[in-house]
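This report concerns only the one structure given below.
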Amino acid sequence: AESQLKTVQRMVERGEKLVASLAPSFYGAFKVDDPMKVVGALKKLGFAKVCETAVGAAIASDEMARVAMEGTMDNIISTCCPSLVLLVERQNGGTTPLLAPVVSPAVAHSKMLRSMFGSRIKTVFIGPCPAKHWEKQENAALSAVLLFEELKTLLSEKGVAFGEEDTQCTETHTPLSRLYPSPGGIIATIPANKRQGYKTYAVSGVEGCKETLEAVRQGQIHGYFLELNT
């Protein structure tokens, strides 16, 4: 999918009511002495609200815990990676029903933001992963996706520097949700007593994911809550 930098540029120029969903990795993605200066820069750029995607991760984890508690799935495949979803759908069609029927943190957060601030807002997910462009195409809840490097470009073009910090950033009550993108991060957010006896296994890397999906397809794995990220 193509970059949406120009789309966001036009939104800023039109004075749209923009709300940012900021991925947890923003804490280390910018060369600033205080991450909250990133929030301040987004406000100066024209964003009305800046919120952490980790709030959406908490919502997604609650939904996955509900699926596990139901105990109706032989294996549950969870991921926060759109590339893994594409891998399952395009190369492992037979395992598609095993994907947890839960939207991603970015989509869950965007829906929550629309319920909070109104359906006319424009929600912009800001994060490191180019595969999020595909996720935006598949989910109308997201207005646009902006990569960290694209945000740096936009700030530079508009002459916005990292100045004062702004602490008015919606926080999550479960900081554990910030671990979501890291290996085993989804599993870490779901208490063992809510996994209904599912064993857990986290896999990172394309080849490892392909091997695990093939094992599932051949019926070699049963009773697992699998976290797969490419």
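The values are calculated or read from the model by the stated rules, or taken from the named source; none is laboratory data. All values derive from a computational prediction rather than experimental measurement. Note that we place each Cβ from the backbone using ideal geometry, even for glycine, and neighbour counts take in every protein chain shown. What goes into the accessible areas is simple: the full protein's heavy atoms, side chains included, and nothing from ligands, DNA or RNA. Shrake-Rupley method; radii C 1.70, N 1.55, O 1.52, S 1.80 Å.
Please report the carbon-and-sulfur percent of the accessible area for segment 69-134; probe 1.4 Å, protein heavy atoms only, DNA, RNA and ligands left out.
Roughly 56 percent, rounded to a whole number.
Once Lys and Arg get +1 and Asp and Glu get -1 on their Cβ, which of Phe26, Leu45, Cys80 lies farthest toward the positive end of the dipole of segment 1-87?
Leu45
Over the chain, what is the relative contact order in whole percent, taking alpha-carbon pairs under 8 Å and six or more residues apart? Please list the in-between numbers first.
On the way: 391 pairs, mean separation 71.5, N = 230.
Answer for the chain is 31 percent.
How much accessible surface does His222 have with a 1.4 Å probe, in Å² rounded to 10?
Surface open to solvent at His222 totals about 100 Å².
Ordering Cys129, Cys81 by accessible area with a probe of 1.4 Å, largest first, what comes out?
Working: Cys129 40, Cys81 20 Å².
Of Cys129, Cys81, the descending order of accessible area is Cys129, Cys81.
Among (i) 1.05; (ii) 1.33; (iii) 1.17, find the value of Cα Rg over 2.2 N^0.38 Å that was calculated from the structure presented, and write down its label.
Correct label is (i).
Using helices alone, what [θ] at 222 nm do you get for the chain, with -39,500 (n - 2.57) per DSSP H run of 4 or more residues, divided over all residues and rounded to the nearest 500? Intermediate results must be reported in sequence, preceding the final value.
Numbers: 10 runs with 97 residues, N = 230.
For the chain, the value works out to -12000 deg cm²/dmol.
Ignoring ligands, DNA and RNA, how do Arg90, Arg217 rank by accessible area with a 1.4 Å probe, largest first?
Arg90, Arg217
Just name one of Pro105, Met11, Val203: the one whose Cα is farthest towards the positive end of the charge dipole of the chain (beta-carbon charges, Lys/Arg +1, Asp/Glu -1).
Ranked along the dipole, the leading option is Met11.
In terms of the Cα gyration tensor, with a ≥ b ≥ c the square roots of its eigenvalues, is segment 95-155 rounded because a/c is under 1.5, prolate because a/b exceeds b/c, or oblate?
Numbers: a/c = 2.58, a/b = 1.24, b/c = 2.08.
Verdict is oblate for segment 95-155.
Ignoring ligands, DNA and RNA, how do Tyr201, Tyr27, Tyr224 rank by accessible area with a 1.4 Å probe, largest first? Present the calculation step by step, with values, prior to reporting the outcome.
Values: Tyr201 120, Tyr27 90, Tyr224 65 Å².
Ranked list, largest accessible area first: Tyr201, Tyr27, Tyr224.
To the nearest 10 degrees, how steeply does helix 206-217 sit against the main Cα axis of the chain, on a 0 to 90 scale?
Between helix and principal axis, roughly 40 degrees.
Counting only the heavy atoms of the protein chains, how much of Asp34 is accessible to a 1.4 Å probe, in Å² to the nearest 10?
We get 50 Å² for Asp34.
Expressed as an acute angle from 0 to 90° and rounded to the nearest 10, what is the orientation of the C-alpha long axis of helix 105-117 relative to the principal long axis of the chain?
Relative to the chain, helix 105-117 is tipped by roughly 50 degrees.
If you filter segment 91-159 for chymotrypsin sites (Phe, Trp or Tyr not before Pro), then keep DSSP loop positions with at most 10 other Cβ within 10 Å, what is left?
Working: sites: Phe117, Phe125, Trp134, Phe148; in loops: none.
Of the chymotrypsin sites (Phe, Trp or Tyr not before Pro), not one in the loops of segment 91-159 has a Cβ with at most 10 other Cβ atoms within 10 Å.
Compute, for Lys44, the solvent-accessible surface of its heavy atoms (probe 1.4 Å) with the complete set of protein chains present, and express it in square angstrom to the nearest 10.
120 Å²
Could you please state, rounded to a whole Å, how far the C-alpha centre of segment 102-117 is from the C-alpha centre of segment 1-68?
Their Cα centres are 12 Å away from one another.
Straight-line reach from Lys17: which lysines fall under 29 Å, measuring Cα to Cα and dropping same-chain residues less than 8 apart?
The reachable lysines, counting only those whose Cα sits under 29 Å from Lys17, are Lys6, Lys31, Lys37, Lys43, Lys44, Lys49, Lys111, Lys122, Lys132, Lys136, Lys152, Lys158.
Could you work out how far helix 5-14 tilts from the main Cα principal axis of the chain, as a 0 to 90 degree angle to the nearest 10?
50 degrees
Which ³J(HN,Hα) values, rounded to whole Hz and listed in residue order, are derived for segment 34-46 from phi using the Karplus coefficients 6.51, -1.76 and 1.60 in 6.51 cos²θ - 1.76 cosθ + 1.60 with θ = phi - 60°, glycine and proline given as x?
9, x, 5, 5, 5, 4, x, 5, 5, 5, 5, 5, x
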